[in-house]
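To start, the structure itself, in structure tokens.
The values are calculated or read from the model by the stated rules, or taken from the named source; none is laboratory data. Nothing here was measured: the structure is a model prediction, and the numbers come from that model. Note that we place each Cβ from the backbone using ideal geometry, even for glycine, and neighbour counts take in every protein chain shown.
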Amino acid sequence: MLDACVNSIRDEGLNKNLLLASTGIILAELDYLNQGLGMTLYSIPGSNLVASALTTADMKRVYSGTFVKSKGTRGLYDQLKAAPKNDVCPLCAQRTVSTLDHYLAQAIHPTLTVVPLNLVPACAECNKLKLDYQPTSEIQQSFHPYFDDFDDAQWLVAEVVETSPAAVRFSVSAPAGWNATKISRAASHFETFRLASLYASHAGVEISNIRYSLERVASSGTADDVRLLLSDRAESARRAQLNAWQTATYQALAASDWFCSGGFRA
């Protein structure tokens, strides 16, 4: 990454200074890796300088003017951006990846501006919501796709709201075996990226889309037949992605006597 940036920068002064700062950046990357494995990234101190001759503004030039745009570096940018399965943003698990997010903000951590471990594929909305947020404790750290496993248990759950039309409300549940810190981090991530409203809107559309299928089943069967269809879809979604809004939605719909007995007609 550094070699590609150095070789692509035309400004001789910036080129020279970045080369001189390379050792410091590599050391910062090693520290980031160690802190990331222990999920103590919040403890990395911020700074206005990368080296004596490089500033935050300089590193932003390296990132936006070279890394993102130069032919010699754009391939690396695209490779990082294409990492998530099906181009789905790993932060919201819904929208399409369109950019790279600095997990630790470049305005506060300029040394990490082009460090790959700090560049997380994200959708534009998640990137905008996060901005230059700086966690000050482990609890405040949002999920980090390179270091965290938050799919070892189901933490995203939902419940049916008996309205007309039917709606779904999402929340964070505490899985057995999770410590208090991990539960708090899940709740913080859920709130930071406003997943409750995002998922609720998509669930509303999903309910509308399946209404015809539910009507057909209910017309020749019972509420249990409707529940069986919903349970089957819930299991299919669960096998694909444990904490997807689709999984939580269909589980909630199948568990609702009101919905299975005709609430979907509202």
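Among the residues of the range 103-126, which ones are part of a helix (DSSP H, G or I) and more than 22 Å from residue 50 (Cβ to Cβ)? The answer is 124, 125, 126. Does the range 227-237 include one or more residues that are at pLDDT 95 or above, hydroxyl-bearing (Ser, Thr, Tyr), outside any helix (DSSP H, G or I) and surrounded by fewer than 19 Cβ atoms within 10 Å (Cβ to Cβ)? Checked against the condition, which is being at pLDDT 95 or above, hydroxyl-bearing (Ser, Thr, Tyr), outside any helix (DSSP H, G or I) and surrounded by fewer than 19 Cβ atoms within 10 Å (Cβ to Cβ), the range 227-237 yields no hits at all.
Here residue 205 does not fit the description of being outside the structural domain of residue 88 (by TED's automatic domain parsing), of a type in the set (A, V, I, L, M, F, W, C), surrounded by 14 or more Cβ atoms within 10 Å (Cβ to Cβ) and at negative phi. Candidates are the residues of the range 127-154 that are in a helix (DSSP H, G or I) and among the polar types (S, T, N, Q); the one that is modelled with the highest pLDDT is 127.
When 110, 116 are checked against the criterion of being surrounded by fewer than 18 Cβ atoms within 10 Å (Cβ to Cβ) and not polar (S, T, N, Q), 116 stands alone in meeting it.
When 197, 184, 219 are checked against the criterion of being part of a helix (DSSP H, G or I), over 19 Å from the mean Cα position of the chain (by Cα) and of a type in the set (Ser, Thr, Tyr), a single residue qualifies: 219. Give the residues of the range 29-52 that are in contact with a helix residue (DSSP H, G or I) (Cβ under 8 Å, 6 or more places away or on another chain), farther than 19 Å from residue 140 by Cα and modelled with pLDDT of 95 or more, sorted by residue number. 29 - this is the single residue of the range 29-52 that is in contact with a helix residue (DSSP H, G or I) (Cβ under 8 Å, 6 or more places away or on another chain), farther than 19 Å from residue 140 by Cα and modelled with pLDDT of 95 or more. When each of 97, 172 is tested for being at pLDDT 95 or above and outside the structural domain of residue 22 (by TED's automatic domain parsing), the lone residue that passes is 172. Candidates in the range 54-76 are the residues that are over 15 Å from residue 6 (Cα atoms) and surrounded by 13 or more Cβ atoms within 10 Å (Cβ to Cβ); of these, the one that is farthest from the chain's Cα centre (by Cα) is 55.
Against the condition in a helix (DSSP H, G or I) and under 26 Å from the mean Cα position of the chain (by Cα), how does residue 15 come out, does it pass? Considered against the rule, which asks whether it is in a helix (DSSP H, G or I) and under 26 Å from the mean Cα position of the chain (by Cα), residue 15 comes out as no.
Considering (1) closer than 28 Å to residue 104 by Cβ; (2) assigned to a helix (DSSP H, G or I), the lone condition that residue 207 does not fulfil carries the number (1). In the range 21-60, what residues are charged (D, E, K, R) and either in contact (Cβ under 8 Å) with a residue 60 or more places away in the chain or touching a Ser or Thr at 6+ places or on another chain (Cβ under 8 Å) (or both)? Those that are charged (D, E, K, R) and either in contact (Cβ under 8 Å) with a residue 60 or more places away in the chain or touching a Ser or Thr at 6+ places or on another chain (Cβ under 8 Å) (or both): 29, 60.
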